[in-house]
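Written out below as structure tokens is the structure these notes cover.
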Amino acid sequence: MFKKPAGAANAATEPFRAPSLDEVSPEYAALHERRLDLDEKKRSLDLERSEIMFALDNEPPKPEPTSRVAALLGDEITGVPTSGKRARLTEIGREIADVDAALRILDERISAARGGASKTLCDQVRPMIKDRLETFVAHLAAAVSAAREVERAYDELDRSGAAWVGRIAPMRAAWLAETRGPQFAQQAFAAGLIAEVPEALK
């Protein structure tokens, strides 16, 4: 006879929370953190590039003395000269290319680490999934048995010869009793997520 495992009755009342991959794998967590850092660095570089390009686009077109000439003239040197801004733009372009290259390599490492981390996570949560499925299938078996009783009741109405259609709604439950319920239980059993298929679902 099909019996629910010990603790299964409480499984459905305990909130289920799957841990994150960061929580189950220090390796994955370190790679993920590095990814976030590089994303932030790229955002910062993109912002700086946009600000420099905006400043260049809005500078008045006039000859600009070099810092050495400005010093000889006694002019106050403020901000970054245009030549310096363009040099910084070139430097930012190189930095962004380096970050993009690092991100591609990092994404490959994250993808490789994800498989191991996912296995660890699934091994941890499998017992909790099984507990909930055992509980569900036990209730499903009871529902299927009840559904078959509903079908028998309608079959008896048919055999009685009564003109019951229009007087009693035809709420047939064969879809659950004969197909969906047993199919679900068989699939759960084949996947190793329940210990056995209840008699009512065979």
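The numbers here are math on the coordinates, done by the rules we state, and not lab data. Because the structure is predicted, anything quoted here is derived from the model rather than measured. Neighbour counts run over all protein chains shown; Cβ positions are idealised from the backbone, glycine included.
Data for the structure
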read-out: For region 86-103, 3J(HN,Hα) per residue [Karplus equation, 6.51 cos²θ - 1.76 cosθ + 1.60, θ = phi - 60°, Hz, x = Gly/Pro]; value: 5, 5, 5, 4, 5, 5, 4, x, 5, 5, 5, 4, 5, 5, 4, 5, 5, 5
read-out: For region 23-52 and region 135-189, distance of Cα centres in Å; value: 56 Å
read-out: Cβ-placed point charges (K, R +1; D, E -1), dipole of region 17-201 about Cα centre in debye, nearest 20; value: 320 debye
read-out: For peptides 88-101, 126-139, sequence by mean Cβ density within 10 Å, most packed first; value: 126-139, 88-101
read-out: From phi via Karplus (6.51, -1.76, 1.60), per-residue ³J(HN,Hα) for region 151-163 in Hz, x at Gly/Pro; value: 4, 5, 5, 5, 4, 5, 4, 4, 5, 5, x, 6, 8
read-out: Given charges at Cβ of Lys, Arg, Asp, Glu: region 17-201 dipole, positive-most of Ser83, Ala188, Ala153; value: Ala153
read-out: Sequence-distant residues sharing a close amide H with Glu59 (under 5 Å, placed H); value: none
